[in-house]
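A short write-up of the structure that comes next.
What follows is calculated from the coordinates using simple rules that are stated; it is not laboratory data. Keep in mind that what you see is a predicted model, and the values were worked out from it rather than measured. Cβ: placed from backbone, ideal geometry, glycine included. Neighbour counts: every protein chain shown.
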Amino acid sequence: MCSNSLKINGKMSLEIKDVDAHYGSTKILDSINFSASHGELMGIIGPNGSGKTTLLRTISRILKPKVGTILLEGRDVQGMKDKEFSRNFAAVPQDTTINFDFSALDIVLIGRNPHLGRLELETEKDIEIARRSMELTNCWRLAERPITELSGGERQLVIIARALTQEPKVLLLDEPTSHLDIKYQIEIMKLLKRLTTEEKLIVIAVIHDLNLAARYCDRLVLLHEGKIITLGTQTQVLTAENIKNTFGASVIVKKHVLTNQCYVSPVPSPLKHENKNEAGRVTIHLICGGGEGASLMHVLAAKGYSVTAGVVNLLDTDYEVAKLLNIPVVAEAPFSPITQEAFQAHLTLADKANMVVLCNIPFGSGNLKNLEVAEAALKRKKALLVFDTTNIEKRDFTNGEAAKRFIALKTKGALTVKNEEEVLKAIK
Amino acid sequence: MVKPKTAYFNKFIHWKMMMIYLVAILCVSIVLTTAIGPVYVSPLDIIALLGSKLHLCETASIPHKYETIIFQIRLPRIFLGLLVGLALATAGTTLQGLFKNPMADPYIIGIASGAAVGAVMSISLLPHFFSIYTTPFMAFLGAVFATFLVYTIAQTGGRIAVDTLLLTGIAVSLFLSAVLSFMMYRVSHDLAGIFFWLMGGFWLASWAQVEIAILPIFVCFFLIYMFAKDLNAMLLGEESAQTLGINVEAAKKILLILSAFITAAAVSFVGTIGFVGLIIPHITRILVGPDHRILFPASALVGGIFLVWTDALARVLGEMPVGIITAFFGAPFFIYLLKKRKGSKYYV
């Protein structure tokens, strides 16, 4: 993404080089390599047990890597003294419960430990730094409250303020948003973002929620079984395929309507395949696009029918669902009119099907050729079902031509359906 | 919003005030408890006597026997009580912080049972064979040996898991208790002596004992105090402490050894007095808060004051073992605290 512009002196600031980590004799991390620059928010994602926390523990020197080095601005961190290390790295653990009645400010001031001698008391300066951290994390108002009485979200803010009071260059967080409500999830993520853009910190956070990770992180590291599967921007990392391969979960990745960030949502697992053999011989072709065919694809595939689809644009929901369900699909580049080549492919695909379904799609000059495929199906005496849930005039953007031809389809014997159930009935 | 900042510095003032109060209470306690005993000496006479010792005034009117009672019998007893109270409270505070467990006390890692086995061995097998210091010496050896055993068993790969340490401590203590019971059942002819030692008491206190105990106890106390900030950070969790620049494994080992040592030094002369190491840190935490920088000196003073008064009570009640009194008052008080603070997470 924009990581190039964030490099300082042309050199990455935190480099993790060929790191292997073990618990006893079990290898947890396997040659991990990545770097992060000042001002970058890195998200570490991956399924449970993939080594995310171990990676964070290794960077924060709690676990010593068996092989490999970690460099901060070119210096090996293993060579740093304990206090020196903690003036550069601060960590926020997963579990932040504290059972002793310290005030929030007391807790934050413990963050000055790396800067003070054993018997040294905090001075005005230390309290000023603590106050600044607490204002940055918006928890100065909680300064005098006992930590035991704060809510989970408030406590998380205080613990992050404590880490910032160390005045580190690198901030490591282990699932800072889990167990928090959506307000605090967003507040914490925004805070992390601000810390990178304004304070130029390197922030590395293990994040469970893929959408939060996509929304706020500059780059993502996808871990699986101790290895980095992909590393890069959200669009590179958060693909349905990557998520299927690592989490074993079927998802659709869309662009969020407002933010244009990747948005991951789960697909319901396929229903039980009923008399697959019999249904499998029936092929149904969907003329769809714009997400109008997605749910029907899922229902038909679940019932065991062979489904084909066309012509849809790449990155369209229908396209992604088709890929996910292994449905043969004719696709066209985004926002491009259907080419002759795609049209021919579509015609051939539809011709192989036993039945054609025209979904509730809008028509413009670009996809008018899809209507032609429906007409061709009727001509060849194929059963044609048409969805007519939205009035054709409202989804016609061709000055009446599409509407005219659509109505003609209906008069020539196309069967009108309203929902997936009627389609299933019609097939039988 | 300047308020929390000034409030923070008020905290340091509050700490100083607490220490001044506690030292004042301690001084008054010393004078008042010196008066208490089978022979009553008025506190004014005690002050006069103390003054004359320091060459501040004349004391012709006070009988000579009072001087002996006060300077040879009661004051060494009181000072030994102060030292033992300081030591047990300090070790208790350390271990509660280290284990992050409010139920921890100095005896939890096997010190008491180790010391008891050592002492009972000496009482049963070598009665006054060498000198009056045989029993304290054996008790000290037993305590150190038991701690060493627990420590060795509990550590794996150079690391100490506190849960394992606690459980090992309990297991070793149970085993040593069996050894103790066996010795009491089959070998010993002096059950009363053993029982007295187990409950603990100051009736044998002398200046010589104070002189022996004072150095190790104070040295350990100051060394432990050096780790006050480390313990504060460790309350946030060991890994958090590690990222705050603390060598947690080293700190744990040093603190364990120091608290074993300070406890062993305390119990070797006076027996295994119970409850002080458990409840004093709790009472002090309520008074001054959980910050170890104030908790250590304050609980040392509170521990000293507590033992001086319970020992005075023991004297009045005809030389009863002081452990009976600490438990008799300590246990109900502890239950009271438990009930009072039930809502707090700390005791869950």
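A simple rule links phi to the HN-Hα coupling: the Karplus curve 6.51 cos²θ - 1.76 cosθ + 1.60 with θ = phi - 60°, which for the stretch B:13-22 gives 5, 4, 4, 4, 4, 4, 5, 5, 4, 5 Hz, with x for Gly and Pro.
Across B:I325, B:I194, B:I69, mean-square fluctuation computed from a Gaussian network of chain B (C-alpha pairs under 10 Å connected) peaks at B:I69. Ranked from largest, the principal axis spans of the Cα set of the stretch A:1-150 equal 45, 38, 34 Å. The amide H of A:N313, built 1.01 Å from its N in the peptide plane, has A:G290, A:E332 as neighbours under 5 Å, considering only residues 5 or more places off or on other chains. Calculate, for A:N211 and B:Y21, the FRET efficiency according to 1/(1 + (r/R0)^6) with r their C-beta to C-beta distance and R0 45 Å; round to the nearest 0.05. E(calc), rounded to 0.05, equals 0.20. Which part of the stretch A:321-336 falls in the paramagnetic zone of A:T235, meaning amide N under 11 Å from the point 7 Å along Cα-to-beta-carbon? Counting only backbone N, you get no residues. Our coupling estimate for the stretch A:86-92, obtained by passing each phi through the Karplus curve with A = 6.51, B = -1.76, C = 1.60 and θ = phi - 60°, is 7, 7, 9, 10, 10, 10, 10 Hz, Gly and Pro reported as x.
All other residues whose Cβ lies under 13 angstrom from that of B:F202 are scored, Lys and Arg at +1 and Asp and Glu at -1, for a net of +1. Kirkwood analysis of the Cα pair distances in the stretch A:21-73 returns a hydrodynamic radius of 12.1 Å. Between B:Y185 and A:K382, the distance separating the two model label sites (each 7 Å from Cα on the Cα→Cβ line) works out to 9.3 nm. In whole angstrom, the stretch B:160-270 maps to an equivalent ellipsoid with semi-axes of 34, 21, 8, each derived as √(5λ) from the alpha carbon gyration tensor and ordered largest first.
Normalised radius of gyration (Cα atoms, divided by 2.2 N^0.38 Å) for the stretch A:276-427: 0.94.
Measuring max minus min along each principal axis, the C-alpha atoms of the stretch A:77-134 give extents of 35, 30, 22 Å (largest first). Centre-to-centre separation between the Cα atoms of the stretch A:315-353 and those of the stretch B:20-87: 100 Å. Can you give the FRET efficiency to the nearest 0.05 for A:D76 and B:M226, using r as the Cβ-Cβ distance and R₀ = 30 Å? The calculated FRET efficiency here is 0.50. In this structure, the amide hydrogen of A:A91, modeled 1.01 Å from its nitrogen in the peptide plane, lies closer than 5 angstrom to those of A:L172, counting only residues at least 5 positions away or on a different chain. Less than 5 angstrom separates the built amide H of A:L286 from those of A:T308, A:A309, A:G310, A:V357, all sequence-distant by 5 or more or on a different chain. For the protein assembly as shown, the Kirkwood hydrodynamic radius from C-alpha pairs, put into Stokes-Einstein at 37 °C and a viscosity of 0.692 mPa s, yields a diffusion coefficient of 103 µm² per second. Placing dummy labels 7 Å off each Cα toward the beta-carbon, the span from B:L126 to B:N101 is 3.4 nm.
With N as its number of residues, the stretch B:6-58 has a Cα radius of gyration that, divided by 2.2 N^0.38 Å, comes to 1.66. Residue-wise HN-Hα couplings along the stretch A:199-209, as the Karplus relation 6.51 cos²θ - 1.76 cosθ + 1.60 with θ = phi - 60° gives them from phi, are 9, 6, 6, 8, 10, 10, 10, 7, 10, 7, 7 Hz; Gly and Pro carry x. Along the charge dipole of the stretch A:276-427, Cβ charges K/R +1 and D/E -1, which of A:L378, A:A302, A:P337 sits furthest on the positive end? Result: A:L378. Comparing A:K255, A:K169, A:K410 in a Gaussian network model of chain A where C-alpha atoms under 10 Å apart are linked, the largest mean-square fluctuation is found at A:K410.
Of the beta bridges in the stretch A:3-265, as assigned by DSSP with both residues counted there, near 60 percent are antiparallel.
Per the Cα gyration tensor, chain A maps to an equivalent ellipsoid with semi-axes of 56, 22, 19 Å, ordered largest to smallest. One equal scatterer on each Cα of the stretch A:161-246, no solvent, Debye formula: the resulting log10 I(q)/I(0) at q = 0.23, 0.24 Å⁻¹ is -1.21, -1.27.
Rg of the Cα atoms in chain B, relative to 2.2 N^0.38 Å, amounts to 1.03.
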